[in-house]
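Enquirer: There's a structure below that I have some questions on.
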Amino acid sequence: MSMKKDKVKISTNWSKDTKIIGDVFAEENMNIEGHITGNIHSQGDIIVGATAVITGNVVGREVIVSGVICGDIKASETVTLTSKGKIEGNVQTTGFVVDIGSYFSGNCTILDKENATIPIHQSETPAKNSGKSTPAPATDEEISALVATVTTVET
């Protein structure tokens, strides 16, 4: 893995008590510990912490998943699924690291560097240009069921 959480300058932090419904756009690195129902698009790195639950697509430079993502991921560099992480969706990236104990259900496409650029987010706003809508908010029961399936491994 080319990036570690403790060595990355994080510009945006969302705590585990944060709940966002809607799409998120950022230019810099972000750390997410809360619940987001909507798409996330960053020109920087995205760290999905152990308490995070994201229902929507994620686009970033490098994506580290220790929480839950129900949606597709596109990363111009690496996607890392830690032993505590869960992805239910497709992954497009130049490198995919999957730790033992993690959960992945979907398809993975490994891209060459020329095809792995992050599109400029203004032209990809789902609600305005592609006709895609923000996913319906997950219920507390659905979120609990997803989080319960994430395996915790002590090291």
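FYI, it's all coordinate maths here, none of it is from the lab. Predicted model, so just to flag it, every value in this text is computed and none were measured. Heads up, the Cβs are rebuilt from the backbone with ideal geometry, glycines too, and the neighbour counts pull from every protein chain shown.
Enquirer: Restricting to Cα pairs below 8 Å that are 6+ residues apart, what does the relative contact order work out to for the stretch 5-116? Please round to a whole percent.
Expert: Working: 342 pairs, mean separation 17.4, N = 112.
The value is 16 percent.
Enquirer: Also, quick follow-up: For a protection proxy built on the mean count of beta-carbon atoms within 10 angstrom, sort 96-103, 61-68, 34-41 highest first, please.
Expert: Taking the mean over residues of other Cβ atoms within 10 Å, the ranking is 61-68, 34-41, 96-103.
Enquirer: Where the convex hull is taken over the Cα atoms of the stretch 5-116, what is its projected area averaged over directions, in nm²?
Expert: The orientation-averaged projected area of the Cα hull of the stretch 5-116 comes to 6.1 nm².
Enquirer: On the principal axes of its Cα set, how long, how wide and how thick is the stretch 10-75? Give whole Å, largest value first.
Expert: 24, 23, 21
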